[in-house]
Amino acid sequence: MDDRIHLSFDLSFLHAEGRWRLPGSWEGYDYYPNPAMYEELARTAERGKFDLLFWGDGTGIPDTWEGSLDAAVKWGIQWPRHDASPLVTIMSRVTKHLGFNLTFASTYMHPYYVARLLNSLDHITEGRIALNLVTSTRRADAANFGYDELADHGARYDKMEEFVDVCQALWSSVEADAIVLDRETGIFADPAKVHPINHDGEYFKVRGPLNCLPSPQGSPVMLQAGSSDRGIRTSAKFADVVFAVGGNHAAMRRHRTKLDEALRENGRNPEDVAILWGVRVVLGEDKASARRRAGRITDAFTLDAAGAYLAHNTGVDLSVVPDRFTLGEVIDLVNANHGSQSGLLNSWQAEHGADFVMTKKEMLERVRESLGSSADLIAGTPEDVADQLEELHEVGGKRGGFMLNDGTDVVPRGLAEFVDFVVPVLQRRGVYRTEYEGDTLRDRLSGPKS
Amino acid sequence: MAMMHLNLEVSFFHSDGNWRMPDTFTKENYFTDPRLWAELAQTAERGMFDLLFWGEGYGIPSSFEQSIESAVRWGVQWPRHDQSVLIPILAYVTEHIGFVQTTSTSFYHPYHVARFAASMDHVTGGRFGLNLINSGRESDFRNFGFAELPDHGDRYARMQEFVDVCTALWGSIEPGALILDPVTGEFCDPALVHAIDHEGEYFRSAGPLSVLPSPQGRPLLIQAGGSPQGNAFAARNSDVQYAGSGDGPDAWKGMRRQRDLLDAECTRIGRDPSSLKVIFNTYPIVGETVEEAEGIAALMRANVTDEAALSYLSHNTTFDYSTITEATPVAEVVERIEKAGGSRGGEIHAILREQGPDFLVDPTLLADIGRRGIVPAELVGTPGMVADRLQELWERGGGDGFAVNLRPSMRKSVGMFVDRVVPILQERGVFRKAYGDDETLRERLAG
């Protein structure tokens, strides 16, 4: 892998979580899911030589806070969330090099469906598709698919690993040169090169083969984002690209080191696996004005909205906490409910320790504040931003790059500003591509062959 | 006056021998190129078609010799990609034509399908439809982990509950729920968003759907096939039924019978029969002259080898016809089919009815049956002949229109139908000359 910066842009919540309220958002477009807006974003990202546009996914409206949908519905927290696959194909139509990631929950989907969909998308994007799997920690998602409770954390990862095994087997079930198309004899394909997979595992039973032609990339680029020890072990098994929380130097170094160890344990070369560090970039005339601009999102969130956000992300109704409590007590509560410690709780604990006492209102205010000034925030002039990206790139081991979170403030303008003002600085410094290379997303992510 | 509807069925241009025809595909430029499909959608829209229709199948046929080998070798009903990925692109290069994706209720969770369909309805601007099926093919269900095919009645019960869950989800957010007030920050009115809390025999789903109300509210719903259970399902749930047309001079009688059955079923449950449309499948092969059209049909049939034809027949009936190795009385063949759990009602059963139990069936005859299944060639002729026939079947059969299966070439056969057959129907005043303004797919086809 080359040591230059690679860039990805997260499209998941451009339209939600208060961003729709900010002045300048959705300028010139009807509201979500207007496809024309996504076309413009794709064109802009390609102008900026991005590797990838990223969609996360969650399938339910958050209903954890106060055991009700109301707060999430009212304030637009992590909803609406449409199936992004139709927008991916629209964006691929107006671009040639840009890649696209879709996310699916291995906990609720069937691998035959996902393997087939991604194969079909790889064909029509001509080798530019990536797949991110999540175990899904969200109760609202589970309930829509018929489950009362979240499955155990470890079991969800076991299922994901089997899910990937099935997909990989299906993607190689039709060999690359199996298709003959001989008009004279009528022979369409060589049966010796098309293989059932006969998978019979703990979670899935799939005969195969996939009833599709081999796709340009053979298999999509695989993304994974687990940050727990178990998550890292799983990503070390199959991920081509990992994404992780950026900003905190010590945490970044730790994640890279742990991943590298896990990769070596799996007999893989750590040089081959990129990490995209999630950061939030907001530009301004100077650092102070950029920070003020970034802080607008705090004002766009009510306390009720912050509660819905936190409860959904941890999977636990934190409206039930007593008036005063310690951080350790909250984290215990989350663990006891099979929830997921969001990055937020972890970072508070790292900063203040488990005995730190707070009130419920303080907790919600901290959530709001963290949205405006989180550790992953990079705010400043284009030169400032480039400096910090370069520094973080160095810290993260110079294998990968960044996932720009939260729409660089507002869209479409925020992305265009990044492309027009930050990208040229990175290019001038020689740390970012000036032209696309390679035939597929996978080629581009690994960089030019040396 | 009511007009004829025309839907374009587009599942198999690339397989089943069609790829062998001149001017179709090359290895370098095969059917996965979205530009080919964009051109096809624009041609179909020029011809004022209501919609493009994709069938669906999830596995490589494996009934013949209990192996995928013959299907793989000859390209029988495979490859089959998830073609729904094309729809957004095609919607973007067209304004009016609709898009229908077939989806199995046997393998998916309704929450996923309801969400996918609503998202697609947004992106197409109200031009999306779903053809819900239940799957009776071994090659499909083995890919989704089922060892045995569920019983026919059970599949329908599951399908009914599936559509019930989808319908509840599509109605879970009322139109007008979105507020988007930038001053207060209020995004949506919680009083207009409802959990569905479905707990049934096959599915549980809490809802609501995480998708904003889509232009059509719910997609156009199609049901295909005229079995008694299919008719009951269509009357209860669907906007449109697709049915087989049969062939021969009396084909209109079969259509009339099917329309009557649907009318009776609708009346029985208190539905206005005119709100359920019926569209009949047709397989025209059009040439400038009769000789040219017949030549195309003959070549298409010649392109299907015996083994390919038997592989197709076995796939469609879930019976391994490689086990019939010599001339065998048809009664014995039928007995073996039924013992093996193969499907009833096909051409073999018709032979038994019409020719008697002792009639001998051999592999050559079976291959011919399979070949006629792939290339029905029931409507072969000049543009004028095809238009005449469609008009007659439409007027006498009582159907609302046709799902036109054009073969073998995407470009040539669709272009020929659009440029030569459609103008005749328009001239006669039986087919639209323009799309209506701002119609959704449902308003146009089933409004």
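Annotations for the structure displayed:
- With respect to the conditions (1) more than 8 Å from chain B (Cβ to nearest Cβ); (2) over 19 Å from B:TYR58 (Cα atoms), A:HIS82 falls short on a single one, namely (1).
- Entry remark, the stretch A:194-242: residues being part of a loop (DSSP other than H, G, I, E, B) and more than 18 Å from the chain's Cα centre (by Cα) number 21 in total.
- Number of positions in the stretch A:147-193 that are assigned to a strand (DSSP E or B), over 33 Å from the mean Cα position of the chain (by Cα) and not small (Gly, Ala, Ser): 1
Listed here are the residues, each with its yes/no results for (1) among the polar types (S, T, N, Q); (2) in contact with a Pro (Cβ under 8 Å, 6 or more places away or on another chain); (3) assigned to a loop (DSSP other than H, G, I, E, B).
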| site | (1), (2), (3) |
| --- | --- |
| B:GLY230 | no, no, no |
| B:ASP247 | no, yes, yes |
| B:GLN258 | yes, no, no |
| B:LEU262 | no, yes, no |
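- Restricting A:LYS159, A:LYS96 to residues that are farther than 18 Å from A:CYS212 by Cβ and in contact with a helix residue (DSSP H, G or I) (Cβ under 9 Å, 6 or more places away or on another chain) narrows the list to A:LYS96.
- For the stretch B:148-168, the count of residues that are under 24 Å from A:LEU22 (Cα atoms) and within 12 Å of chain A (Cβ to nearest Cβ) is zero.
- Whichever residue in the stretch B:278-320 is among the charged types (D, E, K, R) and in a helix (DSSP H, G or I) and, among such residues, is nearest to B:LYS412 (Cα to Cα): B:GLU292
Listed here are the residues, each with its yes/no results for (1) surrounded by 23 or more Cβ atoms within 10 Å (Cβ to Cβ); (2) touching a Gly at 6+ places or on another chain (Cβ under 9 Å); (3) in a helix (DSSP H, G or I).
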{"site": "B:LEU365", "(1), (2), (3)": "no, no, yes"}
{"site": "B:ILE369", "(1), (2), (3)": "no, yes, yes"}
{"site": "B:ALA377", "(1), (2), (3)": "no, no, no"}
{"site": "B:VAL386", "(1), (2), (3)": "yes, no, yes"}
{"site": "B:PRO408", "(1), (2), (3)": "yes, yes, no"}
{"site": "B:ASP419", "(1), (2), (3)": "no, yes, yes"}
{"site": "B:ARG432", "(1), (2), (3)": "no, no, no"}
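- Being surrounded by fewer than 24 Cβ atoms within 10 Å (Cβ to Cβ), touching a helix residue (DSSP H, G or I) at 6+ places or on another chain (Cβ under 8 Å) and at pLDDT 95 or above is true of A:ASP70.
- Sole residue being more than 21 Å from A:PHE54 (Cα to Cα), more than 9 Å from chain B (Cβ to nearest Cβ) and aliphatic (A, V, I, L, M), chosen from A:ALA176, A:ALA189, A:ALA130: A:ALA176
- Complete set of residues in the stretch B:319-336 that are closer than 12 Å to B:LEU366 by Cα, charged (D, E, K, R) and touching a Phe, Trp or Tyr at 6+ places or on another chain (Cβ under 9 Å): B:ASP320
- Only one entry of A:LEU117, A:LEU98 meets the criterion of being touching a Lys or Arg at 6+ places or on another chain (Cβ under 7 Å) and either surrounded by 24 or more Cβ atoms within 10 Å (Cβ to Cβ) or within 28 Å of A:HIS312 (Cβ to Cβ) (or both), and that entry is A:LEU98.
- Subset of the stretch A:243-288 (residues that are in contact (Cβ under 8 Å) with a residue 24 or more places away in the chain and in a loop (DSSP other than H, G, I, E, B)): A:GLY246, A:GLY247, A:ASN248, A:ASN266, A:ARG268, A:VAL273, A:GLY284, A:GLU285, A:ASP286
- Scanning the stretch A:340-364 for residues that are modelled with pLDDT of 90 or more, acidic (Asp, Glu) and assigned to a helix (DSSP H, G or I) yields a single hit, A:GLU362.
- Residues in the stretch B:21-73 that are within 11 Å of chain A (Cβ to nearest Cβ), assigned to a helix (DSSP H, G or I) and either crowded, with 24+ Cβ neighbours inside 10 Å or in contact with a His (Cβ under 8 Å, 6 or more places away or on another chain) (or both): B:SER70, B:ALA71, B:VAL72.
- Counted residues, the stretch B:109-133 - those being closer than 28 Å to B:SER343 by Cα and either surrounded by fewer than 24 Cβ atoms within 10 Å (Cβ to Cβ) or among the aliphatic types (A, V, I, L, M) (or both): 6
- Scanning the stretch A:244-299 for residues that are within 18 Å of A:MET222 (Cα to Cα) and of a type in the set (Gly, Ala, Ser) returns A:ALA244, A:ALA262, A:GLY267, A:ALA274, A:GLY278.
- Candidates A:SER25, A:SER8 - the one that is in contact (Cβ under 8 Å) with a residue 40 or more places away in the chain, part of a strand (DSSP E or B), among the small types (Gly, Ala, Ser) and more than 20 Å from A:ASN313 (Cβ to Cβ): A:SER8
- Residue ID - surrounded by the most Cβ atoms within 10 Å (Cβ to Cβ), chosen from residues in the stretch B:74-98 that are more than 18 Å from the chain's Cα centre (by Cα) and within 7 Å of another protein chain (Cβ to nearest Cβ): B:TRP74
- Restricting A:ALA311, A:ALA306 to residues that are surrounded by 24 or more Cβ atoms within 10 Å (Cβ to Cβ) and within 14 Å of chain B (Cβ to nearest Cβ) narrows the list to A:ALA306.
- Qualifying residue in the stretch B:266-275 (condition: more than 14 Å from chain A (Cβ to nearest Cβ) and crowded, with 19+ Cβ neighbours inside 10 Å): yes
- Matching residues in the stretch A:103-116 - criterion: being at the interface with another protein chain (Cβ under 8 Å from one of its Cβ atoms) and not aromatic (Phe, Trp, Tyr): A:MET109, A:HIS110, A:ARG116
- Here A:PHE100 fulfils each of the conditions (1) more than 30 Å from A:GLU202 (Cβ to Cβ); (2) facing chain B (nearest Cβ under 8 Å); (3) under 14 Å from the mean Cα position of the chain (by Cα) apart from (2).
- Scope the stretch A:33-56; condition within 12 Å of chain B (Cβ to nearest Cβ), surrounded by 19 or more Cβ atoms within 10 Å (Cβ to Cβ) and either within 19 Å of A:ALA130 (Cα to Cα) or of a type in the set (Ser, Thr, Tyr) (or both); matching residues: A:TYR38, A:TRP55
- Test for A:VAL194: is it within 30 Å of B:ALA302 (Cα to Cα) and buried (at least 22 other Cβ atoms within 10 Å of the Cβ): yes
- Among the residues examined, B:LEU180 qualifies as within 23 Å of B:THR124 (Cβ to Cβ), over 28 Å from the mean Cα position of the chain (by Cα) and of a type in the set (A, V, I, L, M, F, W, C).
- Set side by side, the residues B:ALA367, B:ALA350, B:ALA309, B:ALA377 differ, and just one is touching a strand residue (DSSP E or B) at 6+ places or on another chain (Cβ under 7 Å) and among the aliphatic types (A, V, I, L, M), which is B:ALA377.
- Qualifying positions in the stretch A:397-442 - modelled with pLDDT of 95 or more, among the aliphatic types (A, V, I, L, M) and not in a helix (DSSP H, G or I): A:MET403, A:LEU404, A:VAL431
The values are calculated or read from the model by the stated rules, or taken from the named source; none is laboratory data. Since the model is a prediction, treat every value here as computed from it, not as a measurement. Ideal geometry is used to build each Cβ from the backbone, glycine not excepted, and the neighbour counts take in all protein chains shown.
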